[in-house]
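Below: the structure, in structure tokens.
The values are calculated or read from the model by the stated rules, or taken from the named source; none is laboratory data. Note that this is a predicted model, so its numbers are computed, not measured. Reconstructed Cβ throughout: ideal geometry from the backbone, glycine too, with neighbour counts over all protein chains shown.
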Amino acid sequence: DGGITQSPKYLFRKEGQNVTLSCEQNLNHDAMYWYRQDPGQGLRLIYYSQIVNDFQKGDIAEGYSVSREKKESFPLTVTSAQKNPTAFYLCASSIPPTGTTDTQYFGPGTRLTVL
Amino acid sequence: KNEVEQSPQNLTAQEGEFITINCSYSVGISALHWLQQHPGGGIVSLFMLSSGKKKHGRLIATINIQEKHSSLHITASHPRDSAVYICAVKRGTDKLIFGTGTRLQVFP
């Protein structure tokens with residue numbers, strides 16, 4: 001079955017620790033995205049990557065870092081510099097947005113709680 | 001003011017009722033998406049629209065480009081339709097802009 005996997009579903013970390021969230025897709029999509037979801041707010045874009053070894057900052061990139069060494073994988077690191085890291089994190093992928101037909105496919109999400 | 005506004009924020013219905021969720025946006029767009037987020041958090045894409053109307057099963061989505069407005073309708077609602085419905089718009093090849101979602105609960 002093709003799809004996007006995120007692990008783990010729930011993650012707890014102590015304040016001041018870096019944590020890496022996993023995102024893997026086997027849809028052969030070039031573009032991948034990381035979003036953050038907070039109560040009462042729409043999804044906000046953290047980082048996105050349209051091709052391997054390239055990525056761009058989204059609207060709220062401060063305190064986060066990413067890598068895109070493989071087409072299938074786009075891990076997100078939440079660093080200790082992120083002031084309010086507790087949130088629900090969603091990964092998505094799509095065929096490159098060269099037109100308007102870029103439906104994004106979402107993973108199940110990781111709920112990060114920083115204690 | 002958010003570029004994408006959804007109404008209502010919360011909606012409750014009895015099984016069988018016809019449901020309408022609205023989305024208004026303030027920017028020029030190339031496409032509008034309707035998404036469904038299940039209680040567990042996973043998101044599924046329902047529709048992508050650039051004009052007119054689309055139907056899939058009991059779901060119907062319409063868009064009026066001149067009025068910058070879209071509606072999602074659910075006919076013969078069922079408790080399994082309970083979810084958060086999210087509207088998102090795309091400007092050209094730019095990123096998606098998401099609404100805050102409409103939480104729907106359908107009771108038997």
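So in the stretch A:100-115, with the set limited to residues that are surrounded by fewer than 15 Cβ atoms within 10 Å (Cβ to Cβ) and in contact (Cβ under 8 Å) with a residue 24 or more places away in the chain, which one is farthest from B:Trp34 (Cα to Cα)?
Among them, the one singled out is A:Leu115.
Can you report the number of residues in the stretch B:10-46 which are closer than 14 Å to B:Thr100 by Cα and of a type in the set (Ser, Thr, Tyr)?
2
Filter the stretch A:26-56 for residues that are under 14 Å from B:Lys95 (Cβ atoms) and small (Gly, Ala, Ser) and give the result.
Once the filter is applied, which keeps residues that are under 14 Å from B:Lys95 (Cβ atoms) and small (Gly, Ala, Ser), the stretch A:26-56 yields A:Ala31, A:Gly42, A:Ser49.
Does A:Ser80 meet the test of being out of contact with any strand residue (DSSP E or B) (no Cβ under 7 Å at 6 or more places or on another chain), touching a residue at least 40 places away in the same chain (Cβ under 8 Å) and more than 11 Å from chain B (Cβ to nearest Cβ)?
yes
Select, from A:Tyr48, A:Tyr89, A:Tyr33, the only residue that is at the interface with another protein chain (Cβ under 9 Å from one of its Cβ atoms) and either assigned to a loop (DSSP other than H, G, I, E, B) or touching a residue at least 60 places away in the same chain (Cβ under 8 Å) (or both).
A:Tyr33
Give me the strands (runs of 3 or more DSSP E) completely within chain B, filtered to those with at least 2 residues that are more than 13 Å from every other protein chain (Cβ to nearest Cβ), ordered by residue number.
B:10-14, B:19-25, B:52-56, B:59-64, B:69-74, B:102-107
Being modelled with pLDDT of 95 or more and aliphatic (A, V, I, L, M) is the filter; apply it to the stretch B:51-67 and report the residue that is surrounded by the fewest Cβ atoms within 10 Å (Cβ to Cβ).
Among those that are modelled with pLDDT of 95 or more and aliphatic (A, V, I, L, M), it is B:Ile60.
Mind telling me which of the residues A:Gly42, A:Gly58 ends up being within 13 Å of chain B (Cβ to nearest Cβ), crowded, with 16+ Cβ neighbours inside 10 Å, under 12 Å from the mean Cα position of the chain (by Cα) and of a type in the set (Gly, Ala, Ser)?
One residue alone meets the criteria, A:Gly58.
Is it true that some residue in the stretch A:90-99 is modelled with pLDDT of 95 or more and surrounded by fewer than 18 Cβ atoms within 10 Å (Cβ to Cβ)?
No: the stretch A:90-99 contains no residue that is modelled with pLDDT of 95 or more and surrounded by fewer than 18 Cβ atoms within 10 Å (Cβ to Cβ).
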